[in-house]
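Everything on this sheet refers to the single structure shown next.
The values are calculated or read from the model by the stated rules, or taken from the named source; none is laboratory data. Computed from a prediction, not measured in an experiment: that's the story for all the values here. Note: ideal-geometry Cβ built from the backbone for every residue, glycine included; neighbour counts use all protein chains shown. Each accessible area value is taken on the protein alone, full model and side chains, heavy atoms only, with ligands, DNA and RNA left out. Shrake-Rupley method; radii C 1.70, N 1.55, O 1.52, S 1.80 Å.
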Amino acid sequence: MRKKRWHLAVFDFNGTLVNDGVLAYRCVEHIFRTLCPGLPPPTYEEYRNEITSDFTKFYYAHGIPGNVSDDAMNALRTPYYDAHGSEIRLNDGASELLQFCSHAGMQNAMVSASPEDVVSMLKQFGVLQFFEKIILCGRKKDEALVETLDHFGVKAEDAFYIDDTFSGLSSARNIGMGAIGFTDGYNSETRIRAAKPDFMVHSLREAIQILVDQQG
């Protein structure tokens, strides 16, 4: 990708800014143990290679009955996730990346499919002040990204999205945004690569160097 001075930085939350990928998988194990005690849950590798924003398809493909709704699954996931929420931390370099974008004159936003209380968590981690807009969008990230661009009056090519999933990166590319794939989150490096992001990073500190090079 040619050098591009971006004006808007958009961040995913789960798996990108915070390190909850393993906890998310343990939630999967909990759902399988509760709903289908005799059914082996998918492996962590299968989870990272297959999970999408339409998570019910993943569960059904691995044997959860089709009459179990996403609400029923979330009713199991949310209490388990919340009970172990103290384990969650910002990914290494997250705070520094947000500070860099802000100090570089970029506006910062978040587009996430997170069902969690993101605002409280960002406040807890001391980074809420870096965000000028937060959209929690469920499964329609492309629409949420367009809404974010419209809110700031920024063209797609003047913004980038950093995300740890195939679907999120594909949404960014589909609307013409820059895309930075983070490989240490929910999806595997193989899945991230398949989304064909403009850049791939294994740590958020690497993203800072990419932005230095792009903004220079």
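Return the only residue of S53, S114 being surrounded by 13 or more Cβ atoms within 10 Å (Cβ to Cβ), part of a loop (DSSP other than H, G, I, E, B) and out of contact with any strand residue (DSSP E or B) (no Cβ under 6 Å at 6 or more places or on another chain). Unique residue meeting the criteria: S53. Scanning segment 171-184 for residues that are part of a loop (DSSP other than H, G, I, E, B) and surrounded by fewer than 21 Cβ atoms within 10 Å (Cβ to Cβ) gives I175, G176, T183, D184. Only a single criterion out of (1) modelled with pLDDT of 95 or more; (2) within 22 Å of F166 (Cα to Cα) is not satisfied by P37, namely (2).
Yes/no per residue for (1) touching a His at 6+ places or on another chain (Cβ under 9 Å); (2) closer than 30 Å to C27 by Cα; (3) in contact (Cβ under 8 Å) with a residue 60 or more places away in the chain:
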| position | (1), (2), (3) |
| --- | --- |
| G93 | no, yes, yes |
| L98 | no, yes, yes |
| E116 | no, yes, yes |
| E132 | yes, no, no |
| L145 | no, yes, yes |
| N174 | no, no, no |
| G185 | no, yes, yes |
| S188 | no, yes, yes |
| R205 | no, yes, yes |
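Quick grid of which residues meet (1) within 15 Å of I51 (Cβ to Cβ); (2) in contact with a Leu (Cβ under 7 Å, 6 or more places away or on another chain); (3) not in a helix (DSSP H, G or I):
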{"position": "D150", "(1), (2), (3)": "no, no, no"}
{"position": "S167", "(1), (2), (3)": "yes, no, no"}
{"position": "R191", "(1), (2), (3)": "yes, no, no"}
{"position": "M200", "(1), (2), (3)": "no, no, yes"}
{"position": "L211", "(1), (2), (3)": "no, no, no"}
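A single entry from F58, F32 fulfils the requirement of being more than 20 Å from the chain's Cα centre (by Cα) and farther than 27 Å from E132 by Cβ: F32. Here the condition is being under 24 Å from I210 (Cα atoms), modelled with pLDDT of 95 or more and open to solvent by 70 Å² or more (accessible area, probe 1.4 Å); of E132, E147, it holds for E132 alone. Among the residues of segment 185-212, those that are of a type outside the set (A, V, I, L, M, F, W, C) and either surrounded by 19 or more Cβ atoms within 10 Å (Cβ to Cβ) or closer than 24 Å to K155 by Cβ (or both) comprise G185, Y186, N187, S188, R191, K196, P197, D198. Number of residues in segment 152-165 that are part of a loop (DSSP other than H, G, I, E, B) and either farther than 17 Å from Q215 by Cα or of a type in the set (D, E, K, R) (or both): the value is 4.
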